[in-house]
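Chemist: I have a structure I would like to understand better, so I am pasting it below and will then ask my questions one at a time.
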Amino acid sequence: MVLNANDGFIIYQLPDTKKIILRKGGWEKYSNQKNGFIIKPFDGKEEYVIQSKPSFINEELTIIPPTTNDSDIVLEKKKYLIQLEQFIEACNITKLDKVISSRKIIHHTENQVDLFKLFKFLAKKHENALVYLLHIPNVGMWMGATPETLIYSSKERAYTVALAATSPTAEQIDWKEKEIQEHQFVIDDISTKLKSKNIKHQVESTNTINAGDVSHLKTIISLNKNASDIKSLADTLHPTSAVCGMPQEKAKAFILENENYNRKFYTGYLGELSSKNESWLFVNLRCMQVFKKSFSLYVGGGITKDSIAENEYEETELKSRTLLSAIEKM
C-alpha cells in the first residue's frame, strides 16, 4: 500500500500491544461527541479527528512525505540559552512556580528516509509508548513515540499519569531535589484539576520509568469512577504543568508570548477517543514534523527559579536522542 501527501491517515501502536493499527480517510475538525482518533495542538485550536474504522496492518507500506520544508524559526544554542535565562528570570521575579521552555531542532537527511521502517523501529524500541505516524493533508505529517498517558478510561478502570523530571537512563538514578519538586508540581496540578470536577482519586507510589535514552519519574493517579465525558476531562487536564507550567493560565500566556515559534501539535494530546469503549489519550511528547528530506524535532524542559540554563539546554539535547538516534540508524 502506498500512502502519499494526498492521503489522510494515522498509523499507530498502543503501549504493550505489538499490533500496528491503521485508520485511513478524511480528518475533520473536531466537534462535540465525535469518536475516533483525535489530535489537539498545544494552543487548543484546530483539533482534528479521524473516524474511519481501524484495521491491523500485515503488509509493508510506502509512505511519501510532503515535499515542503519547515519555514519556522529555529533557535541555535546561543539564542536558546538567552530564552532559557529569560524563562528563569520570569520564575524569580513573577509568580511563576514553573514554566516550560521548548525549542525545535531541524535534522536534514541526504536521502529520503523509509518512514514505515522508521516507524517499526520506534515501535519495537519503545514498546511502552504510543508510537504513531499521521498525516493531515494541508496541515502536516507528524511522527512520535510518547510514553505519557493523559488519561485512560475503560469499563474496568480509569487513571491519569504524572510524568516529569528527566535523567539519562542508568541502573540507579539519584534524583535531585529540583527534579523531585518538578514532579510534585505535576501531581499537585492534576489533583487540583480533578477536585475542581469533583472526581475522587488516589495518588499511587512514584517510580522511575525508562523511555529509551532517558528516564522519568512517574506517578499513576487512579480515578474512583470512569469519567462520563472523557473529552471534557482531557481538556480540563490539558495542558498539564509538565508541558506548560504553574499556575497554568499564567504559564501558558507567558509561553505563547515569549517562545519564538509555534509548538503546533507538540505538547498537545492525541489518541483513541470513545464514548462507550476504551479511550486512551497521550500527551504529545518526543515528536517531530516530517518532510521529504528533513525532520523538525520538538524538545523542552521544566524551568524553575533554581534552573541552570546550560543544564536545561543539555536536557533538550538528551531528549532529542529518542528520535535522532532512530533516524540515524535508517
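The values are calculated or read from the model by the stated rules, or taken from the named source; none is laboratory data. This one's a predicted model, so the numbers in the text were calculated from it and none came from an experiment. Glycine also receives a Cβ, built like all others from the backbone with ideal geometry; neighbour counts cover every protein chain displayed.
Chemist: For residues that are surrounded by 10 or more Cβ atoms within 10 Å (Cβ to Cβ) and at pLDDT below 95, scanning just region 37-46, find the one that is farthest from S101 (Cα to Cα).
Modeler: E46
Chemist: Looking for something touching a helix residue (DSSP H, G or I) at 6+ places or on another chain (Cβ under 9 Å), closer than 30 Å to K250 by Cα and aliphatic (A, V, I, L, M) - is there at least one such residue anywhere in region 1-11?
Modeler: no
Chemist: Among the residues of region 299-330 satisfying the criterion of being polar (S, T, N, Q) and within 16 Å of the chain's Cα centre (by Cα), which is surrounded by the most Cβ atoms within 10 Å (Cβ to Cβ)?
Modeler: For region 299-330, the residue satisfying everything is T322.
Chemist: Within region 103-146, can you find the residues that are among the polar types (S, T, N, Q) and surrounded by fewer than 22 Cβ atoms within 10 Å (Cβ to Cβ)?
Modeler: Once the filter is applied, which keeps residues that are among the polar types (S, T, N, Q) and surrounded by fewer than 22 Cβ atoms within 10 Å (Cβ to Cβ), region 103-146 yields T109, N111, Q112, N128, N138.
Chemist: Residues being in contact with a helix residue (DSSP H, G or I) (Cβ under 7 Å, 6 or more places away or on another chain), in a loop (DSSP other than H, G, I, E, B) and within 18 Å of C287 (Cβ to Cβ): count how many of those fall in region 21-66.
Modeler: 2
Chemist: Just one of (1) surrounded by 20 or more Cβ atoms within 10 Å (Cβ to Cβ); (2) modelled with pLDDT under 95; (3) over 16 Å from H135 (Cβ atoms); (4) not aromatic (F, W, Y) trips up P65, so point out which.
Modeler: Going through the list (1) surrounded by 20 or more Cβ atoms within 10 Å (Cβ to Cβ); (2) modelled with pLDDT under 95; (3) over 16 Å from H135 (Cβ atoms); (4) not aromatic (F, W, Y), P65 breaks only (3).
Chemist: Any idea how many residues of region 147-160 are among the aliphatic types (A, V, I, L, M) and either surrounded by 24 or more Cβ atoms within 10 Å (Cβ to Cβ) or assigned to a loop (DSSP other than H, G, I, E, B) (or both)?
Modeler: Qualifying residue count, region 147-160: 2.
Chemist: Could you tell me how many of the residues in region 244-284 are of a type in the set (S, T, Y) and more than 16 Å from the chain's Cα centre (by Cα)?
Modeler: Here the count works out to 4.
Chemist: For region 215-252, how many residues meet the condition of being more than 27 Å from E47 (Cα to Cα), surrounded by 20 or more Cβ atoms within 10 Å (Cβ to Cβ) and in contact with a helix residue (DSSP H, G or I) (Cβ under 8 Å, 6 or more places away or on another chain)?
Modeler: Total satisfying the criteria: 1.
Chemist: The conditions are (1) within 20 Å of the chain's Cα centre (by Cα); (2) of a type in the set (D, E); (3) within 20 Å of R157 (Cα to Cα), and D229 fails exactly one of them. Which is it?
Modeler: Unmet condition: (1).
Chemist: Let me confirm something: among T166, T192, which residue is free of Cβ contacts under 8 Å to residues at least 24 places away in the same chain and either outside any helix (DSSP H, G or I) or not hydrophobic (A, V, I, L, M, F, W, C) (or both)?
Modeler: Only one candidate passes the filter, namely T192.
Chemist: On to the next question. In region 192-214, what residues are closer than 21 Å to D229 by Cβ, surrounded by 14 or more Cβ atoms within 10 Å (Cβ to Cβ) and either among the acidic types (D, E) or modelled with pLDDT of 90 or more (or both)?
Modeler: K193, L194, H201 - these are the residues of region 192-214 that are closer than 21 Å to D229 by Cβ, surrounded by 14 or more Cβ atoms within 10 Å (Cβ to Cβ) and either among the acidic types (D, E) or modelled with pLDDT of 90 or more (or both).
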